[in-house]
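Here the structure is laid out as structure tokens; the discussion comes afterwards.
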Amino acid sequence: MSVVTLARRSGLLALLLLVVAAGSASRAALPISSPTAASLAEAVTTLAAPDMEGRASGTPGGERAARRIARWLTDAGLRPGGDAGTFFQSFAIANGTVVAPDSRFDLLAPGPQGRDPGQTHFALERDWRPHGGSVATSVSGEVVFVGYGIVTADGTHDDYTGVDVNDRIALALAGAPRGATATGASRLEKLIAARRHGAAAVLLVNDTLPSVASTATAAGMVSASVTPRAADALLAPSGATTATLERAIARGTTSAFATGTRARITVALGKQERRAENVVGVLPGTDPALASEAVVVGAHWDHLGVVDGAIHPGADDNASGTAVVVGLAKSFAAAGGAPRTLVFTLFAGEELGLLGSRHYVGDPAVPMTRTVAMVNLDMVGRMRDRQLEIGGVDSGTGLREIVSDAVRTADLKSTLRGAPYAPSDHVRFYRSGTPVLFFHTGSHDDYHKPSDTADRINADGMARVATVAAEVIERLAAGSRPSYVAMPPERRERTSGGGGGGAFLGIVADQGAGDGVRVADVMPSSAAERGGLREGDVLVRLAGASLVSFDDLRTALKARNPGDRVELQVLRNGDDRTVSITLGARS
């Protein structure tokens, strides 16, 4: 812990106690009026609006969302709990990659190796663009056309058959032939196949050059995308074009061949730090004996942003939870607070692997040793049949009773899960030794899609969730401190009321990667941990199925059963490996 951090925490605690000493403890607390359905719907509509651009962390739309939330907390009268007397707690989410101007791509006149650059210099960003995960170096060699560059998992198809690409530059069409399955057709699978065949570099032909961020996963070799125009220049000595080759492949009348062209590729990359901000507001406690302790009420405000040109509004995930937390902050502030301090925290970076909550736990507004519980609301906007799921009720003594009473008072059906394990921000708090509760109204077909819009939100259901959460928070803020209960993951219970069944891997994915499935966290004692997966690994293929995104992983797991042993292709620090994993059961 730094001296600055210690001073900030000590100063905040002194401020909280000073507020109590000034007389707030003597004021009788007013009844808590839960947020209304109308106010919650309005907040969701604001956060899911087009100008928020999907609220991806580290983007202008995300910054607008964070500032809007901070304005709401300011207007409610909360005190700043972030850095340097602000509501914002800044942290690094990634070191983004940028293409340096020294990058070059030259067509060399056909001739002996070592001949000076000759006929064509391809324009960076117009004709070609390095991949963000490329090795930064210079290579030269003959260009070899390898069709779509596909090698299937079962070895029944290999586009490299009959040609030597060792120390040469492989040129491959993006995607897969029309009518063919996409197995082996992802960018990462093509790079792995090329490296296994000895290629020095890979050029993928794309109609539109992909962004550096979307190609950020490293595969241990030089790689780039080129336009059809640039590819046709490389193919010119053979008399072929990308269009004629696509048609020939569709007819089954062509195979890999050396083009007779030599090229030199120089990739130069730079790093650019990306940052995001948690929004933290503090409502000082009113009881001198309890004010130095805190209950954290949290939700993540971030979502996926713009994916493949489409805004993902994230109304349920998680504008809904954010709206409820902000609404509760207003309600408790209007009532004059609670005996313990309440810290309302809206996290960034959840979709990137619970980054915001990890940062908060390492630098809390109130020390974690004085944090008695954390209440997390994630996807609480689609209540059906008055059904509410609450996890973690056995993570601290007395929590199950508190939650059961609150749900009964609200006349809701409930699924109470004892274990706290779920891929959301409360897990970071639980691992730090804090009892947690996780409010959730279930998944749906709009999850992580552009169709997760504000018009599909059940605002009345959100108001019911807020009512339950308010009562739970009241009791946590006034009653005896719950003792932390260490629960091994093996105790995750099966439930009969939906949500069970299916194969379970046990990872938290960085869902902003978009280039394979990057592991942000591995759940203890899960299939992933037993199989040796680590944070930072990138999953490329599971049981023969290509994994370009998290949705691909979900689909692949739905096709498997608990106990199935599957082969998983993984990239770790640019090196590929295949591991065998026995899948577990979804809790």
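The values are calculated or read from the model by the stated rules, or taken from the named source; none is laboratory data. Nothing here was measured: the structure is a model prediction, and the numbers come from that model. All Cβ positions, even for glycine, are placed from backbone atoms using ideal geometry, and neighbour counts span all protein chains on display.
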Picking from G141, G175, the residue that is part of a strand (DSSP E or B) and within 23 Å of G220 (Cβ to Cβ) would be G141
Of (1) closer than 21 Å to L342 by Cα; (2) surrounded by fewer than 19 Cβ atoms within 10 Å (Cβ to Cβ), D446 satisfies every one except (1)
Within the stretch 164-211, of all residues that are β-branched (V, I, T) and in contact with a His (Cβ under 9 Å, 6 or more places away or on another chain), the one surrounded by the fewest Cβ atoms within 10 Å (Cβ to Cβ) is T183
- Yes or no: G281 assigned by TED's automatic domain parsing to the domain that holds H440 and on the phi > 0 side of the Ramachandran plot? no
Exercise for the section: Determine whether D510 is on the phi < 0 side of the Ramachandran plot, surrounded by fewer than 15 Cβ atoms within 10 Å (Cβ to Cβ) and either assigned by TED's automatic domain parsing to the domain that holds D308 or in contact (Cβ under 8 Å) with a residue 24 or more places away in the chain (or both). Expected result: no
- Among the residues of the stretch 516-531, is there at least one that is within 26 Å of G309 (Cβ to Cβ) and in a loop (DSSP other than H, G, I, E, B)? yes
Whether any residue in the stretch 79-94 is within 30 Å of T227 (Cα to Cα), crowded, with 16+ Cβ neighbours inside 10 Å, modelled with pLDDT under 95 and of a type in the set (A, V, I, L, M, F, W, C) is what I want to check. yes
Here the residues within the stretch 359-378 that are among the aliphatic types (A, V, I, L, M) and either part of a loop (DSSP other than H, G, I, E, B) or not assigned by TED's automatic domain parsing to the domain that holds E293 (or both) are A365, V366
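Here's the yes/no breakdown for (1) in contact with a Gly (Cβ under 6 Å, 6 or more places away or on another chain); (2) more than 20 Å from R129 (Cβ to Cβ):
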site	(1), (2)
G149	no, no
G162	no, yes
T183	no, yes
A194	no, no
N206	no, no
L209	no, no
A216	yes, no
L235	no, no
Picked from the stretch 554-587 (must be free of Cβ contacts under 8 Å to residues at least 60 places away in the same chain and crowded, with 20+ Cβ neighbours inside 10 Å), the residue nearest to R417 (Cα to Cα) is L557
Picking from T261, T217, T253, T242, the residue that is without any contact (Cβ under 8 Å) to a residue 24 or more places away in the chain and either in the same structural domain as P130 (by TED's automatic domain parsing) or within 27 Å of L568 (Cα to Cα) (or both) would be T253
Note on D515: of the conditions (1) touching a helix residue (DSSP H, G or I) at 6+ places or on another chain (Cβ under 9 Å); (2) of a type outside the set (A, V, I, L, M, F, W, C); (3) over 17 Å from S186 (Cα atoms), unmet is (3)
Within the bounds of the stretch 307-321, is there any residue that is of a type in the set (A, V, I, L, M), modelled with pLDDT of 95 or more, closer than 20 Å to A470 by Cβ and in a loop (DSSP other than H, G, I, E, B)? no
Only one of G356, G381 is modelled with pLDDT of 95 or more and in a loop (DSSP other than H, G, I, E, B), namely G381
Considering the stretch 211-232, residues that are modelled with pLDDT under 95 and in contact with a Ser or Thr (Cβ under 7 Å, 6 or more places away or on another chain), and then whichever is nearest to T120 (Cα to Cα), we arrive at V212
Residues of the stretch 482-509 being in contact with a helix residue (DSSP H, G or I) (Cβ under 8 Å, 6 or more places away or on another chain) and either within 18 Å of N561 (Cβ to Cβ) or modelled with pLDDT under 50 (or both), in sequence order, are G502, A503, F504, L505, G506
Only one of A25, A48, A37 is in contact with an Asp or Glu (Cβ under 9 Å, 6 or more places away or on another chain), surrounded by fewer than 21 Cβ atoms within 10 Å (Cβ to Cβ), at pLDDT 95 or above and in the same structural domain as G321 (by TED's automatic domain parsing), namely A37
Selection from the stretch 58-93 of residues closer than 13 Å to D302 by Cα and free of Cβ contacts under 8 Å to residues at least 60 places away in the same chain yields P60, R64, R67, R68
Residue pairs within 6 Å by beta carbon, gap of at least six or interchain, first lying in the stretch 385-402 and of a type in the set (D, E, K, R), second in a loop (DSSP other than H, G, I, E, B) and crowded, with 22+ Cβ neighbours inside 10 Å, listed first then second, are R400/V393
Practice problem: State yes or no: is T434 hydroxyl-bearing (S, T, Y), in contact with a Ser or Thr (Cβ under 7 Å, 6 or more places away or on another chain) and part of a strand (DSSP E or B)? | Solution: no
By residue number, the members of the stretch 393-416 that are part of a strand (DSSP E or B) and either surrounded by fewer than 22 Cβ atoms within 10 Å (Cβ to Cβ) or of a type in the set (D, E) (or both) are K413, S414, T415, L416
Those residues of the stretch 46-88 which are within 23 Å of the chain's Cα centre (by Cα), part of a helix (DSSP H, G or I) and at positive phi amount to E53, G54, R55
